[in-house]
Amino acid sequence: MYRLISKISNNVNQILLRNYGTAGNLITVTKNDATGTSVLSLGRAPVNGLNLELLTELNDSLKKIVKDGSKGVIVTSSLPTIFSGGLDIMEMYKPDLKRAKKFWEQLQDTWITLYGLSVPTAVAINGASPAGGCLMAMTCEYRVFVDGKHSIGLNETKLGIVAPTWFKDLYISTMGYRRAELALLQGTLFTPKEALEIGLVDELAANKEEAIQKCQKFIDTFDRIPAVGRHATKIDLRSELIEWLKKNRDADTLRFTNFISQPEVQKALHLYIEALKKKN
């Protein structure tokens, strides 16, 4: 009898889960009709490097999730040990400046969409999350990190590059000025327990499934809170950084393209890429 009930329950759960991919199949969205929440999974192997195409699909998927009436979104990765390796280095190495400009503008647009999304956002960080991966995690309202031998942080200085102003400001607002200052200068990557201690993440989980459950629990806390008031408060809290980026986006893009065009930066990126080749 127990086995029959369990089988029926599993079948019902499968019916309630609706999957759809994006045009480029870099992202999969699963909506659970029982909870009303969508799980968005990044799936660009090998490391979910944030390139122009992935960022475009991410932005489009987030907007579709809201349009479809989801009550919240949980961002995670379909890769087993990596959430996101950050911005795709190949978008910056020997760049086509026209594409580099488009890439950076898409990063700005996608970040603004996620940071100001009208529904609650949570992230199940199921692996390594350096640099831009850390940015995407911080952008969500609630962060659950799977415990293990991986790390998170803005480590741009170790790659010979500079975290943009809005990366740094979000880091500061998350963990405080002094701690963020040292971490940015040293390119520190934090273990899950360290990230929890400094407030970079809100909870730890034993595995991805538990992380998603904890994210769902956070989203459920808003069931009795009117959405209009919640979103208005969220925008009030986050508007300063959003408005700064909107007003300075052209200058921010120009700074990025000028910076990656410097010979010293290209040399540092070349050395990093060669080191990765040897490692692999």
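Quickly run through segment 187-236 and pick out the residues that are under 17 Å from P120 (Cα atoms), part of a loop (DSSP other than H, G, I, E, B) and in contact with a strand residue (DSSP E or B) (Cβ under 8 Å, 6 or more places away or on another chain).
Passing the criteria: V201, D202, F222.
What about G133, is it within 19 Å of S78 (Cβ to Cβ), surrounded by 21 or more Cβ atoms within 10 Å (Cβ to Cβ) and not hydrophobic (A, V, I, L, M, F, W, C)?
Yes: the conditions hold for G133.
Condition check: surrounded by fewer than 16 Cβ atoms within 10 Å (Cβ to Cβ), among the charged types (D, E, K, R) and under 22 Å from G85 (Cα atoms). Does K193 satisfy that?
yes
Looking only at segment 67-98, filter to residues that are part of a loop (DSSP other than H, G, I, E, B) and of a type in the set (D, E); which one of those is surrounded by the fewest Cβ atoms within 10 Å (Cβ to Cβ)?
It comes out as D96.
Taking segment 32-46 as the search range and keeping residues that are assigned to a strand (DSSP E or B) and either in contact with a His (Cβ under 9 Å, 6 or more places away or on another chain) or free of Cβ contacts under 8 Å to residues at least 60 places away in the same chain (or both), which one is farthest from K67 (Cα to Cα)?
Looking at the filtered set, the residue picked out is L42.
Within segment 2-18, identify whether any single residue is farther than 22 Å from P130 by Cα and either at pLDDT 95 or above or assigned to a strand (DSSP E or B) (or both), and answer yes or no.
yes
Pull up segment 131-165, narrow it to residues that are under 16 Å from L200 (Cα atoms) and assigned to a helix (DSSP H, G or I), then point me to the one that is nearest to the chain's Cα centre (by Cα).
M136
Does K208 satisfy being among the charged types (D, E, K, R), in contact (Cβ under 8 Å) with a residue 40 or more places away in the chain and surrounded by 18 or more Cβ atoms within 10 Å (Cβ to Cβ)?
yes
Results for (1) surrounded by fewer than 21 Cβ atoms within 10 Å (Cβ to Cβ); (2) at positive phi; (3) not in a helix (DSSP H, G or I), shown as yes or no for each residue.
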{"position": "N48", "(1), (2), (3)": "no, yes, yes"}
{"position": "L54", "(1), (2), (3)": "no, no, no"}
{"position": "D60", "(1), (2), (3)": "yes, no, no"}
{"position": "I65", "(1), (2), (3)": "no, no, no"}
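May I ask you to list the residues in segment 168-209 that are of a type in the set (A, V, I, L, M) and in contact with a Phe, Trp or Tyr (Cβ under 9 Å, 6 or more places away or on another chain)?
Listed by number, the residues that qualify are L170, A180, A183, L184, A195, L196, I198, L200, V201, L204, A205.
Among L204, L254, which is in contact with a Leu (Cβ under 7 Å, 6 or more places away or on another chain) and of a type in the set (A, V, I, L, M, F, W, C)? Working first, answer last.
On the way: L254 fails: in contact with a Leu (Cβ under 7 Å, 6 or more places away or on another chain).
Testing whether each residue is in contact with a Leu (Cβ under 7 Å, 6 or more places away or on another chain) and of a type in the set (A, V, I, L, M, F, W, C) leaves just L204.
The values are calculated or read from the model by the stated rules, or taken from the named source; none is laboratory data. A quick note: this is a predicted structure, and the numbers were derived from the prediction, not measured. With ideal geometry, Cβ positions are generated from the backbone for all residues, glycine too; neighbour counts draw on all protein chains shown.
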